[in-house]
1. With unit charges on the beta carbon (Lys/Arg positive, Asp/Glu negative), name the residue among I89, V126, L139 whose Cα is farthest towards the positive pole of the charge dipole of segment 88-145.
2. Sorted from fewest to most neighbouring beta carbons within 10 Å, what does the list V48, V126 look like?
3. Tell me the label-point distance for the pair D67, E101, using the 7 Å Cα-to-Cβ offset, in nm and rounded to one decimal.
4. Arrange T92, T105 by Cβ neighbour counts within 10 Å, fewest through most, would you?
5. Considering lysine pairs in segment 45-100 that are 8 or more places apart or on different chains, how many have Cα atoms under 26 Å apart?
6. Regarding segment 87-145, what's the average projected area of the Cα-atom convex hull, expressed in nm²?
Amino acid sequence: MTNSYRSVAWAGVAAIALGSAGAAQDRPKVPEPLTKSRPDDPRKKLTVMQRKLAHAQKVLEGLAKEDYDKIRGGSDGLMECVKESSWRINDTDKYLLFSNEFLRTVENLRKAAKDKKIDAAALAYVDMTLTCVKCHRYLREAGIALVPAAVPPATTTASTVARRP
Ligand code: HEC
């Protein structure tokens, strides 16, 4: 192989490397078109789940800044999420139990924010977070989660798994 051949070959390798690095950076953006630009997509129910996370983060910010309006705003948002029909992905007793427990912790959070009690609010937040984890664990173990009925399981699973952090 001559020198010039070699440098052409290396340029090719570099281009491939750059190309795949670019693709890896783009990957987190994949969910956007599913939820935003295709409102008729059955997987749009994921948006309520994503909003849930955003509201929970808002509550955490409120707790950190002792901003009670923010805590209340976040808990109101969480309440709205639970009331949405797409929240009820599953109707087993256990799922409803977790849903109710979640709602109860959010109500405690709201009350603590209303009373301007930061410790109580922080505890309610922790309680609520435990419910997130418990419900998700249940769904995972029961094999229920991430398989919305309206979408063929293979597609759903693949796209959802790819979107896990
Ligand atoms: C009562 C059960 C339940 C509780 C409580 C719950 N979740 Fe979920 N969550 C689900 C289900 C069901 C899904 C999967 C939805 C789907 O695949 O369509 C999900 C999915 C998610 C996702 C993934 C969304 C996506 O687009 O990939 C996030 C993030 C999430 N939940 C955050 C939270 C947070 C944060 C909390 C607590 C503040 C919480 N969840 C509490 C049932 C629950």
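1. V126
2. Working: V48 17, V126 10.
Least to most surrounded, the residues fall as V126, V48.
3. Spacing of the two 7 Å Cα→Cβ label points: 3.1 nm.
4. On the way: T92 12, T105 22.
Lowest to highest Cβ neighbour count: T92, T105.
5. Lysine pairs, 8 or more places apart or on different chains, close enough: 12.
6. On the way: hull surface 15.0 nm².
Averaging across all directions leaves 3.7 nm² for the Cα convex hull.
Readers should treat all values here as calculations from the given coordinates under stated rules, not as data from a laboratory. Quick caveat, the model's predicted, so the values are computed rather than measured. We place every Cβ from the backbone using ideal geometry, glycine too, and count neighbours over all the protein chains shown.
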